[in-house]
Amino acid sequence: MKLYRIKKSKIDNKGRGLYATKNIRSGTKIINYKGKIITNKQLDRSDKYDNGKPIYLFTLNNRYTLDGDFSWNIAGLVNHSCNPNSEYEGKGFKVWITAIKDIKQGEEITCDYGFSFDKDYKQFPCNCNSINCCGYIVQEVSRWRINKKFAMSNKKNLINNSR
Ligand SMILES: [Zn+2]
C-alpha cells in the first residue's frame, strides 16, 4: 500500500496535494521525486527555467539538475508549508520526500520549498496556516525579512545580513 494518496489540498486551494494513508514515522521515505536529469548547461540555456524560482528543480551536483516539472512526477504535488513534516532528500541521482516528523494518517504531506528571498517573493503567497506562516513561500532562514516576528528566532541572520 502506498503511503500517500492524491486529494484536493487545503493549502493550495486551486490544486491537489498528497495525504498520508497511514501513520508515517519520521525518517520514512514517502515517495520518489521523479524527473529528467539535465545538465546545468541545459538549464542555463533553456527558456523553461526563466522565472528564477527553482520550483521543480533540484541541483544534484555541480553538473546535473533534476527537473521534476512533469505531470508523471506525483511528488511534484507536495505543497509547501512553513511548518513542514517532510523534506527533499537527495542521494546521488535520486531525490526522495522523507518524513522529518511523525505524520498522522490523513495529514497533508508538506515540504519547505526553500525559495530564497528576493524582490519577487510576493508572487508566491503561502496559505499553509501554520502558526509560523510568514504569508509567502520563502525558506525558513529568510522569513525574518518579511515579518519581524521571525527575527527573534533568527538573531544570527539578523546580525549578519541586516545591512
Ligand atoms: Zn506558510
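Would you check which residues across region 91-107 are under 22 Å from Gly35 (Cα atoms) and surrounded by 15 or more Cβ atoms within 10 Å (Cβ to Cβ) and list them?
So the first thing to find is which residues in region 91-107 are under 22 Å from Gly35 (Cα atoms), and the list is 91-99.
Answer for region 91-107, where residues must be under 22 Å from Gly35 (Cα atoms) and surrounded by 15 or more Cβ atoms within 10 Å (Cβ to Cβ): Val95, Trp96, Ile97, Thr98, Ala99.
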query: In region 61-78, what count of residues is obtained for those that are buried (at least 16 other Cβ atoms within 10 Å of the Cβ) and either without any contact (Cβ under 8 Å) to a residue 12 or more places away in the chain or within 16 Å of the ligand (Cβ to nearest atom) (or both)?
result: 1
- request: Among the residues of region 79-99, write down those that are within 17 Å of Phe58 (Cβ to Cβ) and within 16 Å of the ligand (Cβ to nearest atom).
  value: Asn79, His80, Pro84, Ser86, Glu87
- prompt: When Lys10 is evaluated against the numbered criteria (1) away from the ligand (no atom under 16 Å from the Cβ); (2) outside any strand (DSSP E or B); (3) surrounded by 13 or more Cβ atoms within 10 Å (Cβ to Cβ); (4) not hydrophobic (A, V, I, L, M, F, W, C), which criterion, by number, is the only one it fails?
  reply: (1)
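Identify all residues within region 115-149 that are touching a residue at least 12 places away in the same chain (Cβ under 8 Å) and either of a type in the set (Lys, Arg) or part of a helix (DSSP H, G or I) (or both); write none if there are none. Walk me through how you get there before you give the answer.
Kept after step one, since they are touching a residue at least 12 places away in the same chain (Cβ under 8 Å), are these residues of region 115-149: 115-118, 120-147.
Tyr121, Lys122, Gln123, Glu140, Val141, Ser142, Arg143, Trp144, Arg145 - these are the residues of region 115-149 that are touching a residue at least 12 places away in the same chain (Cβ under 8 Å) and either of a type in the set (Lys, Arg) or part of a helix (DSSP H, G or I) (or both).
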- prompt: Looking at region 105-140, which of the residues that are acidic (Asp, Glu) and more than 11 Å from the ligand (Cβ to nearest atom) is farthest from Ser26 (Cα to Cα)?
  reply: Asp120
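Quick check on Asp102: is it among the charged types (D, E, K, R), away from the ligand (no atom under 16 Å from the Cβ) and modelled with pLDDT of 95 or more? Can you show your working first?
Details: among the charged types (D, E, K, R): yes; away from the ligand (no atom under 16 Å from the Cβ): yes; modelled with pLDDT of 95 or more: yes.
The answer is yes for Asp102.
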- prompt: Here are Asp12, Asp44: which of them is under 21 Å from Cys126 (Cβ atoms), of a type outside the set (Val, Ile, Thr), out of contact with any Lys or Arg (no Cβ under 6 Å at 6 or more places or on another chain) and at pLDDT below 95?
  reply: Asp12
query: Within the set of pairs 6 or more residues apart or between chains, which connect a residue that is aromatic (Phe, Trp, Tyr) inside region 32-47 to a residue that is loosely packed, with under 13 Cβ neighbours inside 10 Å and part of a loop (DSSP other than H, G, I, E, B) with Cβ atoms less than 8 Å apart?
result: none
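The values are calculated or read from the model by the stated rules, or taken from the named source; none is laboratory data. Worth saying up front: this structure is predicted, and the values here are computed from it rather than measured. So basically every Cβ, Gly included, is an ideal-geometry build from the backbone, and we count neighbours across all protein chains shown.
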